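We did not get these values from a lab; they are worked out from the coordinates using the rules stated. Just so it is clear, the structure is predicted and the values come from calculations on it, not from any experiment. Glycine gets a Cβ as well: all are built from the backbone with ideal geometry, and neighbour counts include every protein chain shown.
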4 protein chains.
Amino acid sequence: MSDYHSHRVHIYYEDTDLSGVVYHANYLKYFERAREHMLGRAELVRLLDEEGLGFVVYKCSLTFKKGAKLGDEIEVRTVAKKDSPYRATFEQNIWLDSEPAPLVQGIVEMVCVDKDQKLVPLPDIF
Amino acid sequence: MSDYHSHRVHIYYEDTDLSGVVYHANYLKYFERAREHMLGRAELVRLLDEEGLGFVVYKCSLTFKKGAKLGDEIEVRTVAKKDSPYRATFEQNIWLDSEPAPLVQGIVEMVCVDKDQKLVPLPDIF
Amino acid sequence: MSDYHSHRVHIYYEDTDLSGVVYHANYLKYFERAREHMLGRAELVRLLDEEGLGFVVYKCSLTFKKGAKLGDEIEVRTVAKKDSPYRATFEQNIWLDSEPAPLVQGIVEMVCVDKDQKLVPLPDIF
Amino acid sequence: MSDYHSHRVHIYYEDTDLSGVVYHANYLKYFERAREHMLGRAELVRLLDEEGLGFVVYKCSLTFKKGAKLGDEIEVRTVAKKDSPYRATFEQNIWLDSEPAPLVQGIVEMVCVDKDQKLVPLPDIF
């Protein structure tokens, strides 16, 4: 029943700020890493190099419940849904094995653009 | 009538990614820089060092319309509102002088925590 | 004979800049990730939390031969040497399986400091 | 007599790590910001867009004496020297008004490449 993509991320010094936990903007990076693995890194590079297609974040929203810390190995759980021929929504949550609820919850809406930044239909990998 | 705080940010190589525009997560950094200047950097450091109070982002949402580029000098326009004794909302938009509409629109909800990460009322600077 | 520590790193959008390859400062991050795994992440966190000991970079030098790209999976090869009771040197090179020579070569000198940022002898993990 | 280029940088949350001071790799970013202002941002963008010329760091070395903190406004002092038709060296130090010596000392060697990453002579801005 747990029909999500899982991607694990180690938290290093670079990820934290002086408050001792992960700097809030960095969770968007972990979300993107997870999406790249989910969609297929080789295919993403091929689409970009050969067809000039790139994926861009159109909207995102995040709720921060608890901060990840140095030494943590967090898990990004992602569920993707195609909303229309042009837009996909990724529900992405940050989990820590020792915690009963997600640390961070995110919703990311993606679209696809060509070389001239024109909106195009999402390719088949979605 | 333009009752907002203005903070200007230069876009450097470090801010961009291979798509040629600013990496999406970085706008959260610019929002934070603007909030720090708006609230007063010296006072924020004093609150942290002397009273152990820190501000944390609880929620945020962003809409990306257009990407800023290397060499751009963007403007972060911020309007803040205290929603309750415990929470403030910052409406923060990214503008470029040559553009008729904001490049990026954001809403950031902040709360204040003490040393033990317990929620406390917002201090007077709000 | 290949007596080095190996740590692999995926290159994502966040790592690149508009030139299309990894932003130069990021290699210092990959070097640090590799050192954390080499020394042991759990022990580093324990030293920090229980003994107040942290490791800091005192000097580093890098030579950039070729840039890693989106989709690459690079390897950080690290050889460590204790120069004195107070200082260790890490020779860290970035390799790509398809390349005959390292993309980036680095030398990083580390020291250990206590809570008051006073220099202390390196702990036993070295 | 103070024949250097000066560029001031505010230190924000994003710049620090859990040790409470600036994450070491970030000084390379401040060095680059200073070089972009010194060489002229508009001209750098023009060279890139119209002539396909980009500047890349070939070598760098840094010595870290003391860490900058949240709320600091540091100064990057840069002296540039053309070593050959193909290479320029930037001596870049981080100063804080309240400190008698630089916090960080750096040497950065730059070269210029064309669209195919071929080495070309440095343009006239040097």
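Mind telling me which of D:LYS66, D:LYS115, D:LYS82 comes out most flexible in a GNM of chain D, alpha-carbon contacts under 10 Å?
D:LYS115
Hey, got the dipole for the protein assembly as shown? About the Cα centre, +1 on K and R Cβ, -1 on D and E Cβ, debye to the nearest 20? Before the final figure, lay out the partial values.
On the way: 64 positive and 84 negative charges, 0 e Å.
Its charge dipole is roughly 0 debye.
Given labels modelled 7 Å from the Cα in the Cβ direction, how far is it in nm from C:ASP97 to D:GLU99?
Placing both labels 7 Å beyond Cα along the Cβ direction yields 4.3 nm.
Name the most mobile residue of A:ASP97, A:ASP72, A:ASP116, meaning the one with the largest mean-square fluctuation, in a Gaussian network model of chain A with Cα contacts below 10 Å.
Checking each option, the largest mean-square fluctuation is seen for A:ASP116.
Count, for each residue of B:63-76, the Cβ atoms from other chains sitting within 10 Å of its Cβ, then give me the mean as a whole number. Before the final figure, lay out the partial values.
Details: counts 6, 7, 1, 1, 2, 0, 3, 9, 9, 2, 1, 0, 0, 0.
What the average comes to for B:63-76 is 3.
Quick one: what does P(r) look like for chain A with 5 Å bins over all Cα pairs, in whole %?
Reading the bins upward from 0: 2, 10, 20, 21, 17, 13, 9, 5, 1, 0.
Compute the angle between helix B:26-39 and the longest alpha-carbon principal axis of chain B, please, reported from 0 to 90 degrees and rounded to the nearest 10.
Rounded to the nearest ten degrees, it is 50.
Would you kindly work out the equivalent ellipsoid of the protein assembly as shown from its C-alpha gyration tensor and give its semi-axes, the square roots of five times the eigenvalues, largest first in whole Å?
Working: eigenvalues 196, 168, 139 Å².
For the protein assembly as shown, the semi-axes come out at 31, 29, 26 Å.
Any idea what the dipole of chain D comes to, in debye rounded to 20, about its Cα centre with Lys/Arg Cβ at +1 and Asp/Glu Cβ at -1?
On the way: 16 positive and 21 negative charges, 61 e Å.
Dipole magnitude for chain D comes out near 300 debye.
For the Cα atoms of chain A, what angle does the longest principal axis make with the long axis of helix A:41-51, in degrees from 0 to 90, nearest 10?
It is inclined by approximately 30 degrees.
Given the convex hull over the Cα atoms of the stretch C:77-126, what projected area results after averaging over all orientations, in nm²? Don't jump to the answer; show the numbers that get you there.
Working: hull surface 17.0 nm².
Averaged projected hull area, Cα only: 4.2 nm².
Whole angstrom only: what separates the Cα centroid of the stretch B:1-78 from the Cα centroid of the stretch C:77-96?
What the calculation gives is 37 Å, centre to centre.
Across the residues of B:8-17, average count of Cβ atoms on other protein chains within 10 Å?
That average works out to 6.
Taking each residue in D:24-34, count the Cβ atoms of any other chain within 10 Å of its Cβ, then average. What number comes out? Before the final figure, lay out the partial values.
On the way: counts 11, 14, 4, 2, 9, 7, 3, 1, 7, 5, 1.
Mean number of neighbouring Cβ atoms from other chains: 6.
If the elastic network links every pair of Cα atoms under 10 Å, which of D:ARG41, D:ARG77, D:ARG33 fluctuates the most in the Gaussian network model of chain D?
Answer for the Gaussian network model of chain D: D:ARG41.
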